[in-house]
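The block underneath contains the structure these notes are about, expressed in structure tokens.
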């Protein structure tokens, strides 16, 4: 195989960096020339532990410089574009076809899920995801989250991203000895850190419960003593509020898990199986069935978490007629502070209105929670039956080969 000289490597670095700096879309804030420098340095670091000779080191570093140049043209499937760009460069350098195909194969191995088939591909794949093991992993992660947010044009919460990251960490494996013995340790620490952050975010719900408790404590002072309300009333409202917040949080977490798992399933099916349809036509129907059920599951999981709020305004007539619930933010978030204070004071002067509002607040929160769990149950049913039907379809498909 033709050798990669230091002169060609210098030209490769210059060509790749110029392309990234001039043509990379502005919404890509992680896969930049800085990331390419990082991967090239990581390739050299890992390559030294693999005892590469000079030509092997030059070859894998050339792959590192070009592996993300495809992002200048498109986001999904950028690896194929990168392979085309490096082919054009190597043809200009009069490289032989065997060398070009080897470089293309190494770059294509970085496509998720990674499937390296050579020592040099192993090195590039581990270098590309070396940041998973870094002590400052969250600096990398935040740039990735912001990049996904900009490219997908949707809000991606830190909790959603962390849940997706946990799944990715568990599916990913390093391939080199250095990766397995050194990088894996750092990755495991970061995985534990992410899981710990998820738990802490869930505990923030306790702050919401404390706010409800304070609100109930203030309202308890206004209880109608003539009607003989006992302290059990306060406990009842507090317990109900606590239970509803916890149940809502559980439902949201379950929805996030379903969305993350099915998104990964769809990505794997599209990247692995769809490309094999021409070779194995018998898997087309089972794959389409699996994709359909995963998509339906995601839709219903999203419906269960999709917020729905009202106009956020009320009138004085509604307050006087006791038709508005001022304990729910959706009814006052567009009102001025003075109007809200007036409305709340009017409500607190009338104990019947006060208790009636608290009862309505619990009732409508329960209605929202019931709707959320209804959609979530449908999503889980589709996922469960879809999984069963898809497995049966694959078994039948391979039985009839």
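Is it the case that region 9-23 has a residue that's surrounded by fewer than 13 Cβ atoms within 10 Å (Cβ to Cβ) and not in a helix (DSSP H, G or I)? So far as region 9-23 goes, no, none of its residues is surrounded by fewer than 13 Cβ atoms within 10 Å (Cβ to Cβ) and not in a helix (DSSP H, G or I).
No other residue among 90, 62, 99, 129 is under 30 Å from residue 192 (Cα atoms) and assigned by TED's automatic domain parsing to the domain that holds residue 17 apart from 129. Taken as a whole, the structure leaves residue 101 outside the set of residues that are in a loop (DSSP other than H, G, I, E, B) and more than 30 Å from residue 181 (Cα to Cα). If I filter region 92-103 for residues that are within 27 Å of the chain's Cα centre (by Cα) and modelled with pLDDT of 95 or more, do I get at least one hit? So far as region 92-103 goes, no, none of its residues is within 27 Å of the chain's Cα centre (by Cα) and modelled with pLDDT of 95 or more. Inclusion of residue 42 among residues that are in a helix (DSSP H, G or I), touching a helix residue (DSSP H, G or I) at 6+ places or on another chain (Cβ under 6 Å) and surrounded by fewer than 24 Cβ atoms within 10 Å (Cβ to Cβ) is warranted. When each of 140, 89 is tested for being closer than 21 Å to residue 7 by Cβ and touching a residue at least 12 places away in the same chain (Cβ under 8 Å), the lone residue that passes is 89. Residues in region 367-381 that are closer than 18 Å to residue 240 by Cβ and in contact with a helix residue (DSSP H, G or I) (Cβ under 7 Å, 6 or more places away or on another chain): 369, 372, 373.
When 127, 192 are checked against the criterion of being at pLDDT 95 or above, in contact with a helix residue (DSSP H, G or I) (Cβ under 7 Å, 6 or more places away or on another chain) and assigned to a helix (DSSP H, G or I), 127 stands alone in meeting it. Candidates are the residues of region 53-70 that are assigned to a loop (DSSP other than H, G, I, E, B) and in contact with a helix residue (DSSP H, G or I) (Cβ under 7 Å, 6 or more places away or on another chain); the one that is surrounded by the fewest Cβ atoms within 10 Å (Cβ to Cβ) is 68.
Yes or no: residue 118 in the same structural domain as residue 41 (by TED's automatic domain parsing) and closer than 25 Å to residue 48 by Cα? For residue 118, the condition - in the same structural domain as residue 41 (by TED's automatic domain parsing) and closer than 25 Å to residue 48 by Cα - is met.
The values are calculated or read from the model by the stated rules, or taken from the named source; none is laboratory data. Here the structure is a predicted model, which is why all the values come from computation and not from measurement. Every residue, glycine among them, receives a Cβ derived from its backbone with ideal geometry; neighbour counts consider all protein chains shown.
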